[in-house]
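Peer 1: The structure follows.
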Amino acid sequence: MYKHVFLDLDDTIWDFHANAKKSLNITYDSLSLSSYFDCFEEFFDVYIQRNNELWDLYGAGEISKDFLQKERFRYPLSKAGIEDENLVRELGEMYLSLLPERTILVPHARELLDYLSQKYTLTIISNGFIEVQYRKLKNSGIDHYFKHVVLSEDAGALKPDRKIFDYALNLNNAKAEEAIMIGDIYQADIQGAQNAGIDQIFFNWRGVELSDGQSATHIVDMLEKVYMIL
């Protein structure tokens, strides 16, 4: 039935949480942030909560890329009583240089890509930034699996806007019914695909409880369960 599989990248294939934590730990030590925080975990917990909030706002088109990149580091520093724009900039630059070098994948991701690539045309659809997403794919050794990489900055639209999914369909010369989307963020990946008339596999590894009216074509909590669908 399907000819094309669209996949989110961060926390669907590439383990963003683990790779971000490792990159930030190195940054934390290099910039001596222990002078301001009791421990790295304290810094990371504040950072990751604010970062997730900012990505939601970015996906909704409510903030700019530049604001997101600065605010996610300004905020934890401000919580520690530090107002230092130079340190905010250093944090951002070091983090973005380290992050794409990390190569931890979500469990079963590589095996799933091996399997899917023999049966379908694979395309990444991501709201992530151009300067890091391609490097993540290359450094992790998974770039060869994908015929196309569709990033929001190229498509001129952010998930869940159907325009980015239509952009991917057009690149593949595909109809909506010929594609299925796999992603871990309900609002961006699943509702976005629904907006474009594309079937979905919600990779619900966080155990999110869907509210009334929310649904997905398929729901899995581990990538290895995708084999039973595709």
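Peer 1: Any residue at all in segment 207-221 that is surrounded by 16 or more Cβ atoms within 10 Å (Cβ to Cβ), under 18 Å from Tyr115 (Cα atoms) and assigned by TED's automatic domain parsing to the domain that holds Ala168?
Peer 2: yes
Peer 1: Follow-up question, since we're still on this one. Restricting the search to segment 62-99, which residues are without any contact (Cβ under 8 Å) to a residue 24 or more places away in the chain and over 22 Å from the mean Cα position of the chain (by Cα)?
Peer 2: Selection gives Ser78, Glu83, Asp84, Glu85, Asn86, Val88, Arg89.
Peer 1: Residue by residue through segment 128-175, note down the ones that are touching an Asp or Glu at 6+ places or on another chain (Cβ under 9 Å) and at positive phi.
Peer 2: Answer for segment 128-175, where residues must be touching an Asp or Glu at 6+ places or on another chain (Cβ under 9 Å) and at positive phi: there is none.
Peer 1: Read through the list (1) closer than 25 Å to Asn172 by Cβ; (2) over 21 Å from the mean Cα position of the chain (by Cα); (3) surrounded by 15 or more Cβ atoms within 10 Å (Cβ to Cβ), then give the number of the only condition that His108 fails.
Peer 2: Of everything listed in (1) closer than 25 Å to Asn172 by Cβ; (2) over 21 Å from the mean Cα position of the chain (by Cα); (3) surrounded by 15 or more Cβ atoms within 10 Å (Cβ to Cβ), His108 misses just condition (2).
Peer 1: Here's something else I'd like to know. Can you tell me which residues in segment 181-210 are at pLDDT 95 or above and either over 22 Å from Phe16 (Cα atoms) or among the acidic types (Asp, Glu) (or both)?
Peer 2: Asp184, Asp189, Gln194, Asn195, Ala196, Gly197, Ile198, Asp199 - these are the residues of segment 181-210 that are at pLDDT 95 or above and either over 22 Å from Phe16 (Cα atoms) or among the acidic types (Asp, Glu) (or both).
Peer 1: Can Leu57 be described as touching a helix residue (DSSP H, G or I) at 6+ places or on another chain (Cβ under 8 Å) and either surrounded by 15 or more Cβ atoms within 10 Å (Cβ to Cβ) or within 25 Å of Ile164 (Cα to Cα) (or both)?
Peer 2: Yes; evaluated as a whole, the condition is true for this residue.
Peer 1: Spot the failing condition for Tyr95; the list is (1) under 26 Å from Tyr227 (Cβ atoms); (2) of a type outside the set (A, V, I, L, M); (3) in the same structural domain as Leu33 (by TED's automatic domain parsing), and only one is missed.
Peer 2: Checking Tyr95 against (1) under 26 Å from Tyr227 (Cβ atoms); (2) of a type outside the set (A, V, I, L, M); (3) in the same structural domain as Leu33 (by TED's automatic domain parsing), the one that fails is (1).
Peer 1: Now for a separate question. So Pro76 ticks every box in (1) in the same structural domain as Leu24 (by TED's automatic domain parsing); (2) touching a Leu at 6+ places or on another chain (Cβ under 7 Å); (3) buried (at least 18 other Cβ atoms within 10 Å of the Cβ) but one. Which box is left unticked?
Peer 2: (2)
Condition check ((1) among the small types (Gly, Ala, Ser); (2) assigned by TED's automatic domain parsing to the domain that holds Lys79; (3) in contact with a Lys or Arg (Cβ under 9 Å, 6 or more places away or on another chain)) across all residues:
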{"residue": "Lys22", "(1), (2), (3)": "no, yes, yes"}
{"residue": "Asn25", "(1), (2), (3)": "no, yes, no"}
{"residue": "Tyr28", "(1), (2), (3)": "no, yes, no"}
{"residue": "Ser35", "(1), (2), (3)": "yes, yes, no"}
{"residue": "Cys39", "(1), (2), (3)": "no, yes, no"}
{"residue": "Asn52", "(1), (2), (3)": "no, yes, no"}
{"residue": "Leu57", "(1), (2), (3)": "no, yes, no"}
{"residue": "Ala60", "(1), (2), (3)": "yes, yes, no"}
{"residue": "Lys65", "(1), (2), (3)": "no, yes, no"}
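Peer 1: Here's something else I'd like to know. Quick test for you: out of Leu96, Leu91, Leu122, pick the one residue that is within 25 Å of Ser140 (Cβ to Cβ), touching a strand residue (DSSP E or B) at 6+ places or on another chain (Cβ under 9 Å) and not in a loop (DSSP other than H, G, I, E, B).
Peer 2: The conditions single out Leu122.
The values are calculated or read from the model by the stated rules, or taken from the named source; none is laboratory data. All of these numbers come straight from a predicted model, not from anything done at the bench. Note: ideal-geometry Cβ built from the backbone for every residue, glycine included; neighbour counts use all protein chains shown.
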